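All remarks here apply to the structure that follows.
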Amino acid sequence: MANVPDNLHYSKDHEWVRVEGDTAVIGITDHAQEQLGDVVYVELPKTGDEFAANDSFGSVESVKAVSEIFTPVAGKVSETNATLNDEPEKVNNDPYGAGWMIKMKMTNPGEVDSLLTAAEYEDFTKAEE
Amino acid sequence: MRALLALIDRHAGGQRPPLDESMSSNITKVTTHLSPNERLIFDRSQTGRRGYSLPPLDVDEASLDEIIPAEFQRDDDLAGMPEVTEVDVVRHFTRISTWNYSIDQGMYPLGSCTMKYNSRLNEKVARIANFANLHPLAAEAESQGALQVIYELQQHLAEITGLPGISLQPAAGAHGEMTGIMIIRAFIDARDGKEASAQRRTMLIPDSAHGTNPASAHLSGFTVKTIRSTPEGLTDLDHLRELCAHGDVAGLMLTNPNTLGLFEKNIREICRIVHEAGGLVYMDGANMNALVGIARPGDMGVDVIHLNLHKTFSTPHGGGGPGSGPCCCSKELEPFLPVPRIVRSLSRDDEPRAFKLDYDYPQSIGRVKAFLGNYGMMLRALAYILTHGYDGLLEATQAAVLNARYIAHGLQSDYEKPFAGDPMHEVVFTDKRQSRKGAHTLDIAKRLIDYGFHPMTIYFPLIVSGAMLIEPTESVGRQELDQFIDAMRSIAKEALNDPELLLNAPHTTRIGRLDEAAAARKPVLRWQPPAEPHAAATGSSGA
Amino acid sequence: MRYIPNSPEERAEMLEQIGVASTEKLFESIPENLRWRGHLNVPAAMSELELLQRFEEMGAGNRAAQRTCFLGGGAYSHYTPTIVDHLISRSEFFTAYTPYQPEISQGTLQAIFEFQTLVCQLTGMDIANASMYDGSTAMAEAVLMAERVTRRRKVIVSSAVHPQYLEVAHTYVQHAGIDLQRADFDPATGQTLLSAFDALDDQTAAIVIQSPNFFGCVEDVKALADKAHAAGALLVVTVTEAMSFGLLKSPGACGADIVVAEGQSFGVPLSFGGPYVGLFATRDKYARQIPGRLVGEAFDKQGRRGFVLTLATREQHIRREKATSNICTNEGLIALCATIYLETMGRRGIQEVAQQCAHKAHYAARVIEKVPGFALPFSGPFFNEFVVRGPSAAAPLLARLAQEKGVDGGIALSRFNPDQPNDFLVCVTETNTRAQIDALVDGLQSLTS
């Protein structure tokens, strides 16, 4: 059963958001990494890139699949997880911790309130299966 | 991510099989046997070995610096390239060839690939010196035999497809596809004018389509919209009407029979809907093996099609090519075909059989390849057609469909067949019944290797979960079909009683399942010479 | 039909076993109005003997295949060692499928790994793919890749690139929003004019050149690389005569970013233009942008080393419309042919063949220049192809040379450019003897005196 931590916000595209002040830390969920299989490569944007909510900011590849990743909130990239270059498996092993992908300074911090809660996300993934 | 995740099958190779400490195998192998342990050619290389012979230079040898400025000359002495003898090369390739499965060895039940017998006679024809030694830029008058082959093949293919326009220039199916879609684009540009055409940039593609389809559409500047299939596995006409109503549809790409092996019986209506909406219909001809002599795409209302000579017309797959992907089209689309076209001269001054290259087609999409196409494959395909004759071609189609139906019948008690419709030349099953105990399509495929067969096509089409697409072709005899059915039935039992056998399969090959994730994370795509002369030959550059 | 294992009797039994009343019933799902009831206008089946006679008869009409050949222009007449054809004729190689199931395709996969390595060595680049259809489509794909990598839309191509390659590039980019501009060549040297790239700006994705170019002239690749890089653009180098890798400095060593080539010179028969093999090589940093298949090293659970198709997420079957290319089937067996050729000739052989080509070609040029009325119009250095300007129209002269002297002396450039009516392109390889070269020259002399 996939892990769905309580303290995070979720999107229907299987991304999670952790709020740290007005910064959003973003990654993909345990459910997503399970579906993808062994992650072999993560394509990330550059620091300074700006995105609107639901824009694609990169992609994650496994051996047999590739998937775009969408930002649940609007903002400007302040940091990206460069360690994923050499160790993309972090996305599989620790999707909510060491497998984080980007940090964004949110344009509108209130946007997270319209995202799914842990319970809502869990229901959503169950309904999809 | 959601839409794509819905289509990803979690067992499509991304998962690691469980670790296994006790592999069961009935074969005891010596681990130092020569053949399985053959290394790279670079590991055979020794300074001073020679594999070639050349006559001595018979002209005055000027100093190289006099004829080519020193700064343009190579200065690395081709360091790293191998130095081996003729015997080295022969042993090397003979040994590694034994690691391959091949059609000559047994059936490839690969759906969508039509792995039929590659005749040796065709190989002999392709090697006739007067064809093999002919330069592509030799004068037309001096290449008449070669041009005649192209012309005749064109005639036969036009007749088989019911589409009069044809180009043999594309080098593979995907290339022929790109050509066909570019023709559609050119036709619409000409018909509607650039401005109106710019509003028509949508190409409709079924959710069951081969990956080359959307990729080819993209090359012609189209965006792709997906059409759903019905629960019966056919194109959803209502969804098609809905999408066509937008007025931005340039065309529809479909395969018939489709990638589920089912004949799209509404094809005439499908073409009518698209035509009425101002679009054209492109057919992926990968599945022509079910239609030759039976039904013609031209009669179905299709505007343009590509063929795969390396599928339907038996030219060898060669481990990944060469192929040949002729593009056939309706009379209306002919002006847009690539140039040059091979035509028969009408002039009374020319010899009766004068064939010419004609470039005078101002609306042509242009050239898609240098010279005239993969000519060697055209020779083979024409030989195939002439060897079969009109009876043989029809017989091949009938035998191909019968073989697929026979397999469908033999497997349906053990495997779930998701669609009730009668399959044509290929049939799809899922792993639903077998996966109860943990073994999935991938594992079934790998276990099939232990029974001496190449696996079927797996995880395609994407709309079927755990798809296994099986196409025997006409080249398989009844005994071998029965052996295949027996093997699959045995595997079905193993899946329920002893799934470990599948999860760690294959057990009888030289190497087992490879860690593809590690290979993709840190790709090593070439051999590198060792850093120091005494470096061990282990590690990623040797072994 | 002897290729169909089940006899009509067996098929009747099979039909009965599966409960289908007749062969006709197998096609019931096809509406009757779509059933074709015609009779294919294909002759009755031919026996082997008849078939071979038929093709031999057609082949006799290819008079050009029977003559001494000095034709180049993108396809080259080199000698292929005997073992090459024998080895590629092994069932396990030529009747094998694409290696998607690596456990039973290691022969094919290892051969491709060796092929990729050899292409890197020859081109001086970091990674090479498992082949493209040919040199012309490889060049077109390189243009598309340059746009992907740089996100710029302008590409400047030298006019000295093979005319058919230029046509193919135009076809490929016509809907990609790429602006293909031309750079002229210097009519004195035959080399691309460096000044023609003054139009380079921060919108230029790449410069594309061919070296040796269509006229046989060797380009100053390093100078062009510097020019491209100064503007943040890539340099794409195309090579049609791959044997030149044996003598000329590799494009990689000169600073090229993408190298594409036609590999036909490596043991592949002329075969009237195909099948050939496209080589495609680039730098490590562009690994995820390269089109085509890639074979990589991999290990199984027991630590045994094998090979596997890798980085497949770039390709059509996964990334679909966002793929780096739509290519699926490539030129596997031809790549194998080139691999076996290269390994047989080896480090020494490739260099020796290249040197013989160069020496023989320069001898031929020297002797032709002595014939009154003939000269080499371009002063640029050449490898084994060069342009000759004669005293009169080249096309009829060459036609007479062929018919009366039995020699195919060259390619009339008027075929490609009406402004060059008296020019023809001569190619000399290791297969041309001194006697043949002398006969060519004698022929030119006697037909124009």
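List of remarks:
- The stretch A:8-129 shape via C-alpha gyration tensor axes, a/c threshold 1.5: oblate
- Residues whose amide H falls under 5 Å from that of C:LEU234, counting only those 5 or more places apart or on a different chain, are C:ALA206, C:ILE207, with hydrogens built in the peptide plane.
- For chain C: rounded, prolate or oblate by the Cα gyration tensor [a/c cutoff 1.5]: oblate
- Treating r as the C-beta distance of B:GLN528 and C:THR82 and R0 as 22 Å, the FRET efficiency rounds to 0.10.
- With contacts taken as Cα pairs under 8 Å at a separation of at least 6 residues, chain A carries a relative contact order of 31 percent.
- Set of aspartates and glutamates with alpha-carbon distance to A:LYS12 below 18 Å, sequence-local pairs under 8 removed: A:ASP30, A:GLU34, A:ASP55, A:GLU68, A:GLU111, A:ASP113, A:GLU120, A:GLU122, A:ASP123, A:GLU128, A:GLU129
- With a Cα cut-off of under 24 Å and a minimum spacing of 8 residues unless on different chains, the lysine pairs in chain C number 14.
- In Hz, Karplus ³J(HN,Hα) per residue of the stretch B:390-407 (6.51, -1.76, 1.60; θ = phi - 60°; x = Gly, Pro): 5, 5, x, 5, 5, 4, 4, 4, 4, 5, 5, 5, 4, 4, 5, 5, 5, 5
- Look at the stretch B:61-68: the mean tally of other chain Cβ atoms within 10 Å of its residues' Cβ atoms is 5.
- Cα shape, chain B, gyration tensor, a/c 1.5 rule: oblate
- Sequence-distant aspartates and glutamates (8 or more away, or on other chains) whose Cα lies within less than 13 Å of A:LYS105: A:GLU20, A:ASP22, A:ASP49, A:GLU50, A:GLU79
- Magnitude of the charge dipole, the stretch B:87-170, Cβ model with Lys/Arg +1 and Asp/Glu -1, debye to 20: 440
- Sorted peptide list for B:222-229, C:73-80, criterion being average Cβ within 10 angstrom, highest first: C:73-80, B:222-229
- Partner chain coverage, peptide B:358-366 - average Cβ within 10 angstrom: 1
- Test item: A:17-28 mean partner chain Cβ contacts at 10 Å: 0
Rule-based calculations on the coordinates, nothing more; no lab input. Note that the structure is predicted; figures quoted are calculated from it, not measured. So basically every Cβ, Gly included, is an ideal-geometry build from the backbone, and we count neighbours across all protein chains shown.
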